[in-house]
Amino acid sequence: MGKRDAIVLSSSDDDDYRPSPRSKRSYEKPKSKSSVTRTNPSRAKRPRIPNSRLAKQSSNVDEMRLAFRDFDEVLNGFKVSAGSRKSNTKELWVDKHRPCSLEELAVNKKKVEEVKSWFEERLRTPKGETGGSSVLVISGPAGVGKSATVHVIASKLGAQLCEWNTPTPTIWQEHVHNSSAGMSYTSKLDEFENFVERVRNYGLISSSLNGNSKSSIILVIDDLPVTNGRSAFERLQRCLVLLARSTRVPTAILITDYGNEDSSDLTARWMEELQLSLESAGASKVAFNPITNNSIKRTLSRICKQELCNVAAEEIDLIAKASGGDIRHAITSLQLFCLKPNAELYLSSSNSTPSYPKENANELNTSSGGFSSQYGRDETLTLFHALGKFLHNKRETENVVASDQNAFQVGEKFSRLPFKMDSPEKILCQAHGQSRPITDFLHENVLDFLSDEAVDDAWTVASYLGDADLLLATFRRTLTRHSETENVLQSAAASVAVRGVLYGNFHPSPSRWHAIRKPKLWQIDHSSSHNQNELLRQRFTTDVGPPSLSEVSVIATEYRPVLKWVGYRKAGDVGILESEDDSVQRMSMDEDSEICEDDDDIEDW
Amino acid sequence: MASSSSSAAAGGYDMPWVEKYRPNKVSDIVGNEDAVSRLQVIARDGNMPNLILSGPPGTGKTTSILALAHELLGPNYREAVLELNASDDRGIDVVRNKIKMFAQKKVTLPPGRHKIVILDEADSMTSGAQQALRRTMEIYSNSTRFALACNTSSKVIEPIQSRCALVRFSRLSDQEILGRLMVVVGAEKVPYVPEGLEAIIFTADGDMRQALNNLQATYSGFRFVNQENVFKVCDQPHPLHVKNMVRHVLEGKFDDACLGLKQLYDLGYSPTDIITTLFRIIKNYDMAEYLKLEFMKETGFAHMRICDGVGSYLQLCGLLAKFSVARETAKAT
Ligand SMILES: Nc1ncnc2c1ncn2[C@@H]1O[C@H](COP(=O)(O)OP(=O)(O)O)[C@@H](O)[C@H]1O
Ligand SMILES: [Mg+2]
């Protein structure tokens, strides 16, 4: 329990805290994987980030110890943690197969190189003499290896990695909080501000009790405190901007982008804003892209080999595609996928039988044919199958069902041959299709599938898609009401979109193969909100309310043209010019070009 | 199957059947075979990855998670499982404090077993609370795993989705629901005619919870399950009646269709009730493709207006009129 004593004074977290999961592993299994365990000094010496609140309260130590002893007694009731003696097979695969070397990192080499050389530079130059900020913003979608990259690079450079984690109110802290009246409650944001303040003034070395000042230190902020409301966000923003301006510890701030999330979600907007303000405070930025399909496949195959799981190439391909460039999700899905319902097939790595009975492997593949439609984060992939059916519009060649004399006859112009597929509603249900993406995808792609002369068809299709859009818009408004409402509007919208496309496409283009594209509308929405943010940032007023449309258009149509016309030259000017280029680039929507540089194939949708 | 899940005398006769017949074992869960078979492997071997179960209501998501947790943890369930659902307070502070404290708690478990945090109806958590969950999920993955259930996975923020394996549940098929109903009907000795069960399946629309509730309600109200009783209990317009309205429109008997509508309206069904049934009937009615498309479109629009507050009888008549116009337009000359 002496270990816990140390924690009282030095760290706000308990012993489950781990700077990197591998340190945990080396601690459990000292003999295995020795090559891994000694590469990163941080594994041996855990960084100690004292909690200022506790450190300052050292006069209260006795009191705290007292309270703490009570806690010990409670603790003794429990025994050893279940996790502490587990074998390797009981880990999550994302932890177990965490990349240990630059080679294993599935991230684009150029991006990794960028990050690496940035850190090299900051670590090489004596402190305080570096031009520019010591803060690097790494942004990107969830699960593209932002943290992993920093960890690997830190160990490669032999630097000690310190992570900021939102402090945990452990049981004893709560206890102390309740029993010692002198201690006031600090919010997470307060704690974060204190922490940043300390780092700015003293760096991390001074706070490191073990005095290991020779090794260089990298600070990672992976877990920004959640801000609730605009004013809290602004405090966070201010505090990070200060950090970017003045810290001398090389710091990586990891920010997760929210792809095509509801633009009504303010967090996404704020995160974008935060990045912009950090950049204008001098921080460098590296934006990570979704990981390419091929890199994910390579990683998945490697894991399969190590886990002795025999997974067909097509399955790996499907999992990779369905993950939408999110490698963590791909690995997690693979772990689930490798659970073989058949007892003999499930081989834990401890029980290493190298070969497989052939017929069982086959059986496995057939039984898992439905994988793609059931798992995988990227719902759009599960849609593709369905979309293909709708767009290709396969019909019987003649009316096979003898038409009932009494039944209502429609005119030739309105009649269609029977579908050569299940009813659209059934297909939609199987594809787990959500109405909005379906409508957007159909809208994006349908013209490719109409024959060139069929303008009337295009007219029909467009009108039905418009109707579906209207239904969906209403759906959004009534979202909070009872679910029955949602149901009818949602399914009506999806049916109208799909059936409109099927019915309208009377003269399908001769069957050519078309790749299905992701809706451009999404990208446009994204760039438009980006530009809007950019515009708002350039306002020279300090009060920042929620952006209103009129404000933005005033800025765009009057403010900026006037500024240009007057030939406004001042300090802020440079910023404007730069960001102008940026927004122009974004408007051209050539975001793919970035991906093209990759050594891997481009995913074409 | 029934006996394994019904805890004999517990609760007496007014215990809800959805609870009484909630499967206790993963293997008893009906439908979604592929998903359930994988959960079964987890129940046997442990090392549950973080999971998101997503799908429409009443398809067994909550049931699966509870059964899985029970099978994994057995006698330790009480101390090693933290259940939070939408009715609990799940603001940022709860996530930060309660869940983190639970994650740090020491519990002795057999190898390969982890503490489990169950977050039911996760899509109703605020995104801030979900944000706060993100790191906890990662840091304590060696001792604590998460199982989330939600209706639409897209309402779970991406960083959480990224850390979980996604298991999608679909609506149950009519056969699957019927199978389960037969088990319950047998165990409770409910007198029924097959049409009665069909009616229950229609009203349930792939939702097992609804099916069991409607069955129990019909039984306790009338002691006999036939069509009439089911639709009376469920307070839904009788589908046959609505179907006749549509047939009349298609046959060009607009007057008859309106008469049928008036009768329904006079019975006290709200426009929303009527239109919901109407939409479902149209979806399955065998008619010309063009007409089906137009009918669905117009029904959607009418529904939209009703949602906007124009829930009048006139709107419903107008809808029938629009159907007729579509029919006239398309008529063979
Ligand atoms: N697949 C299923 N197999 C058997 N019973 C089910 C199934 N799905 C739902 N039920 C019944 O319906 C009730 C509600 O199911 P639940 O799992 O809570 O649905 P949800 O998917 O909304 O979480 C359960 O108590 C159970 O009796
Ligand atoms: Mg539920």
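A short reminder: the numbers here are calculations on the coordinates, not readings from a lab. As the structure is a computational prediction, the values presented were derived from the model and not from experiment. Methodologically, a virtual Cβ is constructed for each residue, glycine included, from the backbone with ideal geometry; neighbour enumeration extends over all protein chains shown.
Show me the ranking of peptides B:156-162, A:517-523 by mean Cβ neighbours inside 10 Å, starting with the highest. Spell out each step's value before the answer.
On the way: B:156-162: 24.0, A:517-523: 15.0.
Packing order, densest peptide first, comes out as B:156-162, A:517-523.
How are the C-alpha pair distances of the stretch B:209-269 spread across 5 Å bins, as whole percents from the shortest bin up?
Answer for the stretch B:209-269: a P(r) of 4, 19, 22, 17, 14, 13, 8, 4, 0 percent.
Take peptides B:297-308, A:495-506 and line them up by average Cβ neighbours within 10 Å, highest first, as a rough protection proxy.
Values: B:297-308: 21.6, A:495-506: 25.1.
Per-residue Cβ counts within 10 Å, averaged per peptide and sorted highest first, yield A:495-506, B:297-308.
B:V36: net charge of surrounding residues, Cβ under 14 Å, Lys/Arg +1, Asp/Glu -1, itself excluded? Intermediate values should be presented prior to the final figure.
Numbers: positive: B:K25, B:R38, B:R44, B:K61, B:R168, B:R180; negative: B:D28, B:E33, B:D34, B:E71, B:E176.
Combined, the nearby Lys, Arg, Asp and Glu give +1.
Arrange A:H514, A:H392 by Cβ neighbour counts within 10 Å, fewest through most, would you? Walk me through the numbers on the way to the answer.
Working: A:H514 13, A:H392 17.
The order, fewest Cβ neighbours first, is A:H514, A:H392.
Strictly over 26 Å apart at the Cα level, which of A:K96/A:K321; A:K394/B:K297; A:K394/B:K155; B:K61/B:K115; A:K520/A:K564 would you flag in this model?
The answer is A:K394/B:K155; A:K520/A:K564.
Taking every pair of alpha-carbon atoms in chain B, what share in percent sits in each 10 Å bin, from 0 to the bin with the longest distance?
The calculated distribution, bin by bin, is 5, 21, 24, 22, 17, 8, 2, 0.
Where Lys and Arg each count +1 and Asp and Glu each count -1, what net charge lies around A:K413 among other residues with Cβ under 15 Å from its Cβ?
Details: positive: A:R416, B:R327, B:K331; negative: A:E412, A:D456, A:D457, B:E289, B:E294, B:E328.
Every neighbour counted, the sum reads -3.
Sorted from fewest to most neighbouring beta carbons within 10 Å, what does the list A:D257, A:D422 look like? Let's see the in-between values first.
Values: A:D257 19, A:D422 12.
The order, fewest Cβ neighbours first, is A:D422, A:D257.
In whole Hz, with x marking every Gly and Pro, tabulate ³J(HN,Hα) for the stretch A:420-429 from phi via Karplus 6.51 cos²θ - 1.76 cosθ + 1.60, θ = phi - 60°.
So the Karplus estimates, Gly and Pro as x, are 9, 6, 5, 5, x, 5, 5, 4, 4, 5 Hz.
Taking amide hydrogens as modeled 1.01 Å from N in the peptide plane, which residues meet the under 5 Å criterion relative to A:R395, leaving out close sequence neighbours?
HN-HN under 5 Å from A:R395: A:K420.
Hull surface divided by four, with the convex hull built on the Cα atoms of the stretch B:88-142: how many nm²?
Averaged projected area of the stretch B:88-142's Cα convex hull equals 4.0 nm².
With all distinct Cα pairs included, what does the Kirkwood hydrodynamic radius of the stretch B:258-297 come out to in Å, to one decimal, could you say? Kindly include the intermediate steps, with their values, before the conclusion.
On the way: mean 1/r = 0.0907 Å⁻¹.
Kirkwood hydrodynamic radius for the stretch B:258-297: 11.0 Å.
Mind putting a number on the dipole of the stretch B:177-333 about its Cα centre? Charges go on the C-beta only, +1 for Lys and Arg and -1 for Asp and Glu, and I need it in Debye to the nearest 20.
I would put it at about 100 debye.
What is the log10 of I(q)/I(0) for the stretch B:100-241, computed with the Debye formula using one identical point scatterer on each Cα and no solvent, at q = 0.21 Å⁻¹?
Calculated log10 I(q)/I(0) at the listed q: -1.10.
Which whole number gives the average, over all residues in B:141-148, of C-beta atoms from other chains lying within 10 Å of the residue C-beta? Walk me through the numbers before you get to the answer.
Working: counts 6, 15, 6, 3, 1, 0, 0, 0.
Per-residue shielding by partner chains comes out at 4.
Sort B:F224, A:F384 by Cβ crowding within 10 Å, fewest neighbours at the top. Intermediate results must be reported in sequence, preceding the final value.
Values: B:F224 14, A:F384 18.
Listing B:F224, A:F384 from fewest to most nearby Cβ atoms yields B:F224, A:F384.
On average, how many beta carbons from a partner chain sit within 10 Å of the beta carbon of a residue in A:411-422? Walk me through the numbers on the way to the answer.
Numbers: counts 7, 2, 5, 11, 5, 4, 1, 1, 1, 0, 0, 0.
Counting other chains' Cβ atoms within 10 Å and averaging over A:411-422 gives 3.
Return a whole-number percent for the relative contact order of the stretch B:117-204, with Cα pairs under 8 Å and 6 or more residues apart as the contact set. Please report the intermediate quantities before stating the final value.
Working: 52 pairs, mean separation 25.7, N = 88.
Relative contact order of the stretch B:117-204: 29 percent.
Let me know the mean shielding of A:432-438 by other chains, meaning the per-residue number of their Cβ atoms within 10 Å of its Cβ.
Numbers: counts 8, 0, 3, 0, 1, 1, 0.
Per-residue shielding by partner chains comes out at 2.
I want to verify the translational diffusion coefficient of the stretch B:56-131 in µm²/s; compute it with Stokes-Einstein, Rh as the Kirkwood radius over Cα pairs, at 20 °C and 1.002 mPa s.
160
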